[in-house]
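The values are calculated or read from the model by the stated rules, or taken from the named source; none is laboratory data. For clarity, every value in this text was computed on a predicted model and none was experimentally measured. With ideal geometry, Cβ positions are generated from the backbone for all residues, glycine too; neighbour counts draw on all protein chains shown.
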Amino acid sequence: MLEEVGHYEQPQAACIEALKIVQRRYGWVPDGAIGAIAKVLGIGPASVEGVATFYSLIFRQPVGRHVVLVCDSSSCFLSGFDELKQALASHLGIDYGQTTEDGRFTLLPVCCLGACDGAPALMIDDDTYGPVSPDDLPGLLEGYP
Amino acid sequence: MSESISSQRTSVRYRSRLLQPEADRHPDTHPLTWRLRDDGEVIWLDEYLRKEGYQSIRNALDNGDPQAIIATMKDANVRGRGGAGFSAGLKWSLTLQGGDMPRGYLICNADEMEPGTFKDRLLMEQQPHLLIEGMILGALANNSFYGYIFLRGEYVEAARVLNRALDEAREAGWLGANINGSGFDFDIAVHTGAGRYICGEETALINSLEGKRANPRAKPPFPGQSGAWGKPSVVNNVETLCNVPAVILKGADWYQALSGDRTEDGGSKLYGVSGPVEKPGLWELPMGTTGAEILERAGGMRGNRSLKAWLPGGASTGFLLPEHLDLPLDFDTVGKEGSRLGTGLLTVVPQEQSMVALMRNLEEFFARESCGWCTPCRDGLPWTVKLLWALELGQGETGDIELLDKLAADCGPGLTFCAHAPGAAMPLQTALKHFRQEFEQGVSKPRGKAHQDPIPVGEI
C-alpha cells in the first residue's frame, strides 16, 4: 500500500488502489478495512467509504469466489445480450447482485467492456470472453471452480 | 476434462484485432497501425525501435524547442480522438507553463467505456511504446514532470502490457531522469480505475486520480490551468497521443494530406463498426471516410438484415439514418447533421430492432453511470428510463413523449455540470425525431398523475 502511495503527490490518491489491495486478499472490502485504510492514508473514514461505495468494481459486501461481469451496453444489446444474460441467470440460478449458494459465482452488470467486435461479451474475474453464446456457458463456467 | 475446459476458455477468449492485413498498412499512410503484426503479438521495444520507434522524440529532444512541438500539433490540427474533437495543439498551447509555474502532469485518458468503442484497447494491448513515445512528446511540449495512464480496471491485459513496456522504456533511458542525455526528466505510472463511465470525463478523471469520488469539477479553471493537485495538467485520449510521434516526425503538411480531399480534418482515424454486421471490426482509414465504406469493409449487415439507423461514435452520439451513409465522417460534417463523430466507431441498428427498447437500454446505461452530482442527470435519467420502459411495454400515458422531450431538453448542453447528461440526451432527441411513431405506438393510457400541473409556488 505504501509503495502505491509513492506514485502520487498526496497519499489519498492511493485510496482506490488500497481498496483493491484489500479486495484482492478478502474478495471484498469488510467494514474494518475502511478505518484501517483511512489511518494509513491520513484521511477520514467517510472519505474512504465515499470512494468505496462510488466505484462499481469495489465490493462492499461479500461476493463469490468468481465475479461474472456481463456487458449490457448497446453493441452487446444488439448482439444477443438478452439471451446470454437469461441463460447465465438460469444456469447459475441467480440474478444481478446475487451470489450462488455455494459461494462460487456473483453476477453483475458492467459498462461497455470495449470488446464490441466480440459482442456479446462478458468477463469472469480477469478474463474477457466474446462473442459468447448461451451454449458456451457451461464449459466456460466449469473453468472457474 | 481439463483439456476441454481450457479449449473452451481459449475458443471464446476475446482478442483485440485489426481487420487490415500488414501488407495493406504503410508508414506513410497508417501512422497508428503500420507496425502492428498480423499475428496480433505485442510490439515490444526491440521491434518498435526497428520500426522507427523513439525516432520522433529523439529528434524533438535534439531540436530542444518544446514550442515547436505545440506549433506543429496546432498546424496539423490533430483533433481529440476521445470524442470531443478539440484541437490537441490548441489545448497544449493553453497549458500554463513558465518560470513561476510548477511543472505539471500529462495524463492519458485510457478509460475507454463509451458503448460501442474498442479502439484504445487495441493500441495499448499491441503497441504500448507508441503511446509512451506520444506521452513523452506531450510532456516535453507541456513541461510535465510526471505522466499517468488512467486505465479502466477491466483492461487487465493492457495494464500488463503497458507496465512491462514502461519498464523496458525506463531501462533503455526513455523514461526517468535525464532522458536520452537531454536533461529532461519524465516518468509514467499506470493508474487503474475501479469502474464508472464518468471517470472518462477529464475533470472527473482527475478527481478519481486524486483518490476521490469521480464527480466532475467546474470549468474554468481548466485542467491546463489547475488540474491534478492544482498543477497544470493535460488530459489526452490514447489515440490522440498515438498520433503525436508521426506528426512531429513527418510534419503537419504530411498529416493534413493523409485525409486527401475528403475533409478539412487531417490525419487518419481508427474507425470501426459493431452490432449485427458480417465482420465487426477496426480499420485505420483516412479521416473523412464514409459510413458506407466502413460498412462495406464489415461485409454489410449480417444475414438479410437491412439498416435502420446507426450511431457514428458511441452511445452519446445522435442517431443517423441510412441516407447519411455517404457523408464523410469528420467532426464538423457529423456535427452539422445533429450528431457527433464521437469516437468514430459505428454501431448499426437493424430494421427489426425496436428503437424504444434500444433507447431504454441506452438510457439505463446513462442513468446507472450518472455520478449523481447534478439534478437533471441524477433524477431526469432514471425518470426517462421509467417512461421508456412503459412505452416499450405498451403502457405509456398520453403526454409521456412530450415529457421525454422535456427531460432530454433539460439535460442539454450548459444545463448540467458536465457532458454526461447532454450525451444521454442526444441519442434520445434524435430517436424521437426520426422514429417518433414507434414511441407513440407505446401510448395506451390517458394522461396520468405525472402530467398534472405542478402546485404553483406560493400557494402551498
Which of (1) touching a Leu at 6+ places or on another chain (Cβ under 7 Å); (2) in the same structural domain as B:F184 (by TED's automatic domain parsing); (3) farther than 30 Å from B:K219 by Cβ; (4) at pLDDT below 95 is the odd one out, the single condition B:Q8 does not satisfy?
-> (2)
Here are some residues: A:V29, A:V22. Which one is surrounded by 18 or more Cβ atoms within 10 Å (Cβ to Cβ), in a loop (DSSP other than H, G, I, E, B) and not assigned by TED's automatic domain parsing to the domain that holds A:D125?
-> A:V29
Just to be sure, is A:L78 facing chain B (nearest Cβ under 9 Å) and under 16 Å from the mean Cα position of the chain (by Cα)?
-> no
Restrict the check to region A:89-100 and report whether at least one residue is free of Cβ contacts under 8 Å to residues at least 24 places away in the same chain and in a helix (DSSP H, G or I).
-> yes
Of everything in region B:208-232 that's more than 19 Å from the chain's Cα centre (by Cα) and within 27 Å of B:V161 (Cβ to Cβ), which residue is nearest to the other protein chains (Cβ to nearest Cβ)?
-> B:G211
Name the residues in region B:379-388 that are without any contact (Cβ under 8 Å) to a residue 12 or more places away in the chain and either within 13 Å of chain A (Cβ to nearest Cβ) or surrounded by 16 or more Cβ atoms within 10 Å (Cβ to Cβ) (or both), would you?
-> none
Go through region B:228-279 and give me each residue that's at pLDDT below 95 and surrounded by 23 or more Cβ atoms within 10 Å (Cβ to Cβ).
-> B:D265, B:G266
Without any contact (Cβ under 8 Å) to a residue 24 or more places away in the chain and either within 12 Å of chain B (Cβ to nearest Cβ) or touching a helix residue (DSSP H, G or I) at 6+ places or on another chain (Cβ under 8 Å) (or both): does that describe A:K85?
-> yes
Answer yes if at least one residue in region A:93-103 is more than 28 Å from B:A214 (Cβ to Cβ), within 13 Å of chain B (Cβ to nearest Cβ) and surrounded by 18 or more Cβ atoms within 10 Å (Cβ to Cβ), and no otherwise.
-> no
Scan region B:146-174 and report the pairs whose first residue is more than 24 Å from B:K231 (Cα to Cα) and part of a strand (DSSP E or B) and whose second residue is at pLDDT 95 or above and of a type in the set (A, V, I, L, M), with Cβ atoms within less than 6 Å and a gap of 6+ or a chain change.
-> none
Selection within region B:166-197 - crowded, with 18+ Cβ neighbours inside 10 Å, within 30 Å of A:F59 (Cβ to Cβ) and either in contact with a Phe, Trp or Tyr (Cβ under 9 Å, 6 or more places away or on another chain) or among the charged types (D, E, K, R) (or both) = B:I188, B:V190, B:H191, B:T192, B:G193, B:A194, B:G195, B:R196, B:Y197
Looking at (1) under 26 Å from B:E22 (Cβ atoms); (2) of a type outside the set (S, T, Y); (3) surrounded by fewer than 24 Cβ atoms within 10 Å (Cβ to Cβ), find the lone condition where B:L282 falls short.
-> (3)
